[in-house]
Amino acid sequence: MEMVLGNRKIGPEHPPIVVAEIGINHGGCLNVAKNMVLVAAQAGAECIKHQTHFVEDEMTEEAKSIYPPNADMSIWEVMEQCSLTADEEIQLKRYANELNLIYISTPFSRKAANFLHEIDIPAFKIGSGEVDNLPLIKHIAGFGRPVILSTGMQKVEGVRPAVEILRSAAVPFAL
């Protein structure tokens, strides 16, 4: 099935699309994120992929006491520090679009998915670690926008339920 991101057709009959992974590598700094977008554009990327985190909506209070290996702060604090605010993400999307880049993002909660829908992203990206978050995938599929579903951390059987949700919703998707 052919997919369209913005005005860009994706599929076997079209050239591969170059997607620059921004994620949270900006460390929560909008200026660093904008610089990453600019460098990606200069390098020939067509699409920017970000991560949208609203920590209070995606984690439980327990995350405040979970420390990743070799970290001196909790996973909650790490994500809080590395996330952009909603306003900053809107600015980043606007900047990427001004550079003629397609802006997509991975939401990690329903609130993040709703936000991305409201700011009119052309597609959702679902990370392989979220493939088994079926309630979130069903929520995202309800928007009817294309989905890029990563599969790297999953076995085929683990991907199948997510694919069934996307097919049932008649959402264009790529694995």
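The values are calculated or read from the model by the stated rules, or taken from the named source; none is laboratory data. Just so we're clear, the structure is a prediction, and the values are computed from it rather than from any experiment. As a convention, Cβ positions derive from the backbone with ideal geometry for all residues, glycine included, and neighbour counts pool all protein chains shown. All accessible areas refer to the heavy atoms of the entire protein, side chains included, with ligands and DNA or RNA removed. Shrake-Rupley method; radii C 1.70, N 1.55, O 1.52, S 1.80 Å.
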Practice problem: Could you tell me whether GLU157 is over 18 Å from the mean Cα position of the chain (by Cα) and of a type in the set (Asp, Glu)? | Solution: yes
Quiz prompt | Hey, LYS49 touching a residue at least 12 places away in the same chain (Cβ under 8 Å), surrounded by fewer than 20 Cβ atoms within 10 Å (Cβ to Cβ) and charged (D, E, K, R) or not | solution = no
Practice problem: Check MET3 against each of (1) at pLDDT 95 or above; (2) open to solvent by less than 80 Å² (accessible area, probe 1.4 Å); (3) of a type in the set (A, V, I, L, M, F, W, C) and name the one condition it does not meet. | Solution: (1)
Exercise. Go over the candidates VAL171, VAL131, VAL147 one by one and state the one that is over 21 Å from ILE24 (Cα atoms), surrounded by 14 or more Cβ atoms within 10 Å (Cβ to Cβ), in contact with a strand residue (DSSP E or B) (Cβ under 8 Å, 6 or more places away or on another chain) and of a type in the set (Val, Ile, Thr).
Key: VAL171
Quiz item: Can you pull out the residues in the range 1-16 that are outside any strand (DSSP E or B) and within 13 Å of ILE104 (Cα to Cα)?
Solution: GLY6
